[in-house]
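**Q** Okay, here's the structure, questions in a sec.
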Amino acid sequence: MKRVAIIGIGTMGSAIQSLLKRDFVVLGLGRQDKLTAVAKVDVIIVAVKPQSFAELAPVLRPHIKHQLVISIMAGVKVSTIAAALHTKRIVRTMPNLALATKQSLTAWYAEDTIIDLEAMHTILAEWGLELQLSDEKQFDTFTALVGSGPAYFFELARILEQAALHHGFSPEQAQRMSIQTLHGAASVIGEDDSPNEWVQRVASKGGTTEAALKVLKRHSWEQTVRSAVEGAVIRSK
């Protein structure tokens, strides 16, 4: 059984630790822990905040030998990690919050072919689905859409909840209505389905949904969402 060290036990690091316990021997390390143990593992998952990597790298570097290094740090390039840790066995990934329920779509990119692909695929399969990127620059858009995407979804839930409150529903009722509506919608659409076709199914001609969609169009909702994604892309770059 392969051994995995996770450096950074925050929200994502803790979720990864829980998911991998069945198939791997997992060691979780916080910022204050000594890193000598990572010399004996097969895979190192770097799950610290990007701004903490510069401080971590010189402490971690002496213990890097043959290990596969998997990074989930947003915005930190493979070349930066390679230069800091003196290794080429690096896979850069970008999962999202749904990793905790094994529903993440995780993008990954590697420049070196001398990596343990079997271990990497086994680990990413525990997080959900995976998507290999052909160009590292694609991470910026992927992050804006998939990494930040859950927050857009949660914000829509909040807005629907506020609308229900405005129309006299109790806080408990409003919360249940907004969350279950989005949860239900997500449950019926498949990976290969067309979102536009589902819109047409729900929006009967002359009905309430059509009336709502006309208001969204009038207020340039599509352009607003596109602009929001562009803002995230720019920030990622």
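**Q** Could you list, in sequence order, all residues of the range 11-54 that are outside any strand (DSSP E or B) and within 19 Å of residue 79 (Cβ to Cβ)?
**A** Within the range 11-54, 48, 50, 51, 52, 53, 54 meet the criteria.
**Q** Run residue 126 past the list (1) touching a strand residue (DSSP E or B) at 6+ places or on another chain (Cβ under 9 Å); (2) of a type in the set (D, E, K, R); (3) closer than 17 Å to residue 11 by Cβ and report the number of the one that doesn't hold.
**A** It is condition (1) that residue 126 fails.
**Q** Find all pairs meeting these conditions: Cβ atoms under 6 angstrom apart; at least six residues apart or on different chains; first residue within the range 208-237 and over 21 Å from residue 147 (Cα atoms) and free of Cβ contacts under 8 Å to residues at least 24 places away in the same chain; second residue among the β-branched types (Val, Ile, Thr) and open to solvent by 50 Å² or more (accessible area, probe 1.4 Å).
**A** Sorted first by the residue in the range 208-237, then by its partner, the pairs are 209/202.
**Q** Kindly list the number of the only condition in (1) crowded, with 18+ Cβ neighbours inside 10 Å; (2) under 22 Å from residue 140 (Cβ atoms); (3) in contact (Cβ under 8 Å) with a residue 60 or more places away in the chain that fails for residue 20.
**A** (2)
**Q** Moving to a separate point now. For the range 188-214, how many residues meet the condition of being surrounded by 10 or more Cβ atoms within 10 Å (Cβ to Cβ), over 29 Å from residue 101 (Cβ atoms) and not hydroxyl-bearing (Ser, Thr, Tyr)?
**A** Residues in the range 188-214 being surrounded by 10 or more Cβ atoms within 10 Å (Cβ to Cβ), over 29 Å from residue 101 (Cβ atoms) and not hydroxyl-bearing (Ser, Thr, Tyr): 8 in total.
**Q** May I ask you to list pairs of residues, at least six apart or on different chains, whose Cβ atoms are under 7 Å apart, with the first in the range 128-157 being touching a residue at least 60 places away in the same chain (Cβ under 8 Å) and the second being assigned to a loop (DSSP other than H, G, I, E, B) and open to solvent by 80 Å² or more (accessible area, probe 1.4 Å)?
**A** Pairs that qualify, where the first residue is touching a residue at least 60 places away in the same chain (Cβ under 8 Å) and the partner is assigned to a loop (DSSP other than H, G, I, E, B) and open to solvent by 80 Å² or more (accessible area, probe 1.4 Å), are 140/237.
**Q** How about the range 178-187: which of its residues are aliphatic (A, V, I, L, M) and open to solvent by 80 Å² or more (accessible area, probe 1.4 Å)?
**A** 179
**Q** Could you check the range 75-104 and list, in sequence order, the residues that are surrounded by fewer than 21 Cβ atoms within 10 Å (Cβ to Cβ), touching a helix residue (DSSP H, G or I) at 6+ places or on another chain (Cβ under 6 Å) and aliphatic (A, V, I, L, M)?
**A** 76, 84, 97, 100
**Q** Moving on. Can you spot a residue in the range 143-163 that is among the hydroxyl-bearing types (Ser, Thr, Tyr) and modelled with pLDDT under 95?
**A** yes
**Q** So in the range 105-119, with the set limited to residues that are hydrophobic (A, V, I, L, M, F, W, C) and more than 24 Å from residue 191 (Cα to Cα), which one is most open to solvent (accessible area, probe 1.4 Å)?
**A** Applying the filter and picking the extreme gives 114.
The values are calculated or read from the model by the stated rules, or taken from the named source; none is laboratory data. Keep in mind that what you see is a predicted model, and the values were worked out from it rather than measured. Here the Cβ is made from the backbone with ideal geometry for all residues, glycine too, and neighbour counts use every protein chain on show. SASA here: full protein model, heavy atoms, side chains in, ligands and nucleic acids out. Shrake-Rupley method; radii C 1.70, N 1.55, O 1.52, S 1.80 Å.
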